[in-house]
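Input: a single structure, listed below in structure tokens.
Each reported figure results from applying straightforward, stated rules to the coordinates on display, with no laboratory input. Everything quoted here is computed from the prediction, not taken from an experiment. Positions of Cβ are generated from backbone atoms using ideal geometry, with glycine treated the same way; all protein chains shown enter the neighbour counts.
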Amino acid sequence: MTDNDERLIAAIDAAEADAYGSEQDSILSAERARAIDLYNGRDIDPAPIGRTSVIDRSVFETVQWIMPSLCRIFAGGDDVVEFQPIGPEDEQAAKQESEYLNYLITQRNKWFEIVNEWFTDALITKNAYCWAYLDRKVSVETSRYERQTVEGATMLSQEDGAEVVGVEQTVDDKTGQPLYTLDIKYTKERPTLALKVLPPERCKVSVSTPGFSLRECDYFEYCDETSLSDLRREGFEVDDDIADGSSSDTEEDEARDRFNESDSDDATRNDPSLRKVKVRYVWMRYDYDGDGIAEMQCVVRVGKTVLHREECSRVPVASIVPIPLPHRHPGLSIADITGDIQRIKTAILRQGIDNLYHANNPAIAYDKNKVNLEDILSSAPGQRIRVDGMPGDSFMPVNTPFVFPQAMEGLEYMDQVRENRTGTNRYFTGVDQNAMNKTATGIQQLSTMAAQRVEQIARIFACGIEDLFSICHEIILKSGHTQEVVRLRGGWVQVDPSQWKERTDMRIAVGFAAGNKDAMVARLTSIWQLQQAAMQSGMPIVKPENMYRTALEMVKASDFSQPEGFFTDPATVPPPQPPQPDVTVMAAEQTRAQSLLQKAQIDNQTKLQIAAMDQQTEAAKLQMTPQIEREKAQVQLQAKVIEAEHSTQMEREKMAASFDMEAHKAALSPETKYGDATKQGLGELKQMIEQSNSTQTQLIVEAFKQIAEAISSPREVVRDPKTNRITGTQSRTVQ
């Protein structure tokens, strides 16, 4: 053992000495033991010999009247707590974490048994504790498989955690194949989330804890007697001769032992692994590493030996109490406020019964000389008494005042006191024989007031439930919980806790209605009718999701555990298929559609034919127009050519005649010195003019020929590229 471990053990022992529940705290232990005795109906005030010893059970009755409402609230469904999303993108993640955590706690653990035991402890012994932890116990099982083939034996031996510890080979009489008988030991080490209700008398809490919750607790310890075998299954290395220190039963243990269970001794067992030792699980703030800051330490110790130590973030224990007291950890229980009433009613009831007994069997004064003593001493009904003389002179009954009715009135008064203290009246519990004589409104008011008292207890318990779920969420988040596929909300979902976030914001998902369920169903029905009216009127204030939520609450109020089996979430319903039309109507519509289609096709064909004819007509017109124009141009060109030739011929003839005249004049003129020469010149000039006119005529004719060829050349139709309509013609290029 190291020096740090020694100092740690010393610090634990010092904290234990000043804690609630320690050996020095005898007052708390005595109150718890007395409450357990009252609940069990033990005679803590023995009656004198010869008197009635009947016991009133007011504590038991009150606790059992409250328990059904609390269990219905917290164990009546699968959803207990839901986490609030951090942002819009966290909606689905928070919902899945809530559903999976509720599944682990309420389905994989015996949630109803846990709630029943936890709440019963709180109602009887003030504070009650529930421990959430990761169960790492290794389970070892051995199975025997007979007449296995080679393939089957191979598959069995290859399963996870399987170890073949024995093999027997045989031969099949029919086929001659070898068969094997296997003894396989399975070792399973899968950690699971577990919950355990701790006996309050085995828990120690620091007196500095400011409230009933353990969020700010600096020291908490739970001790239990565990066998060495169980410790080794949890992974601890423990010697057979380990010393566990002194261990003694508490007053609460003796009060719980109705059949002397604590007197059993297992020391005579021959198996050392079954020896039980006192194991102390301690959570305490202590500066183990010497850095000046006290961290929360989780310590497992047996005697002076520290089996395990690690730092942790919190005490993984949730605490509840029915009636908390401000600034103190211990509160009040139902047994605390009804225990004195039970003792008073016990005394009144005993005296009333004794009075009734004495009234029916009065004492007798007799003359011993005149009566038979044997007859007088017998009190059997109708007993004959033998006398010597007149009976009136021989004996005389001593009458006892009959006060039994007054005793019953006293019991009735004490019942009213109990109802005022606890809130559980006869109308709330449904045991009033005269309820039919009361008005329905009055009974409902009394029942509602009683339900409010129980609702107050439920709201206080809800704080402990939230702490428990928060602890479980942290354990799953930090323990490396593997992903798995589970069935949530009627569908298979893959959950991966490694993607979870740290969450502290949560709320109780159950309702706190502990009273008249019929009244709640009636209110939900009114809400349903309002939603229906809003949907029918088209008001945008109600959606199918709202009505689905109301329907679930109505099923829950009717005490059904799985409301999803009655209604389907509208978010998971596919969109409705369009309605199938009538066959006759569909055939008529099809015939009508075919007729319309044929008519449309005929109209389109007619329009296309008309358009084609119009285009052909326009094309023909455009094609004929250039031909007519060419012919007209050719005629005009020929006329102009003839006119030009004629005009040129006339000009030539006119010039020739003019030159002839001038030559004739020159020849006849006697004064002309150079007559012959002039005549010769004029002849040459005439010849030049004739040649010039001939050349000009040829050029003109040639130009007109080119124009005629351009006009008579082939042409093609020109169309608009957008509308494809004919807009004109152009010359066609001949390749």
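Points worth noting:
- Stretchable slack from E310 to Q456, in nm (0.36 nm times residue separation minus alpha-carbon distance): 48.7 nm
- Pair A611, E502: separation of 7 Å Cα→Cβ label points (nm): 7.6
- Per-peptide average of other Cβ atoms within 10 Å, ordering 453-465, 154-166 highest first: 453-465, 154-166
- Extension gain for the segment K174 to A534, taken as residue separation times 0.36 nm less the Cα-Cα distance, is 122.0 nm to one decimal.
- Under the Debye formula (equal points on every Cα, no solvent term), log10 I(q)/I(0) of the range 169-287 at q = 0.15 Å⁻¹: -0.95
- Virtual spin-label span in nm between D241 and V165, 7 Å along Cα→Cβ: 2.8
- Unsatisfied cross-links (Cα-Cα over 32 Å) in the set K185/K278; K188/K276; K95/K204; K95/K126; K188/K278; K278/K345: K95/K204; K95/K126; K278/K345
- The range 516-576: C-alpha pair distances exceeding 17 Å, %: 45
- Once the C-beta distance of R384 and R57 is scaled by a Förster radius of 41 Å, the resulting FRET efficiency is 0.50 to the nearest 0.05.
- Sparse-neighbourhood loop sites, GluC sites (Glu not before Pro) in the range 1-86 - DSSP loop, at most 12 other Cβ within 10 angstrom: E23
- Look at H481, H358, H327 and count the other Cβ atoms within 10 Å of each Cβ; fewest to most, that gives H327, H358, H481.
- Dipole-positive endmost among P191, I293, P178 within the range 172-315 (Cβ charges, Cα centre): P178
- Options L156, T142, Y100, ranked by Cα towards positive dipole end of the range 86-161, top entry (Cβ charges): T142
- Peptides 399-410, 226-237, 534-545 ranked from most to least packed give 226-237, 399-410, 534-545, packing being the mean of other C-beta atoms within 10 angstrom over each peptide's residues.
- Placing unit charges on the Cβ atoms only, positive for Lys and Arg and negative for Asp and Glu, gives the range 71-142 a dipole magnitude near 420 debye about its Cα centre.
- Selection from I541, T525, A551, by position along the positive dipole direction of the range 516-576 (Cβ): I541
- Length-normalised contact order of the range 516-576 in % [C-alpha pairs under 8 Å, at least 6 apart]: 33
- Cα centre as origin, Lys/Arg/Asp/Glu Cβ charges: the range 516-576 dipole, Debye: 140
- Highest-first arrangement of 374-380, 54-60, where packing means the average Cβ count within 10 Å: 54-60, 374-380
- R108/V140 FRET efficiency (R0 30 Å; Cβ-Cβ; nearest 0.05): 0.90
- Residues within the reach of a label modelled at D291 (point 7 angstrom out along Cα to beta-carbon, backbone nitrogen below 19 Å), restricted to the range 7-26, are 8.
- N270 versus D415: modelled label distance in nm, points set 7 Å from Cα along the beta carbon direction: 6.1
- Based on the convex hull around the alpha carbon atoms, the range 293-422 presents an average projected area of 17.8 nm².
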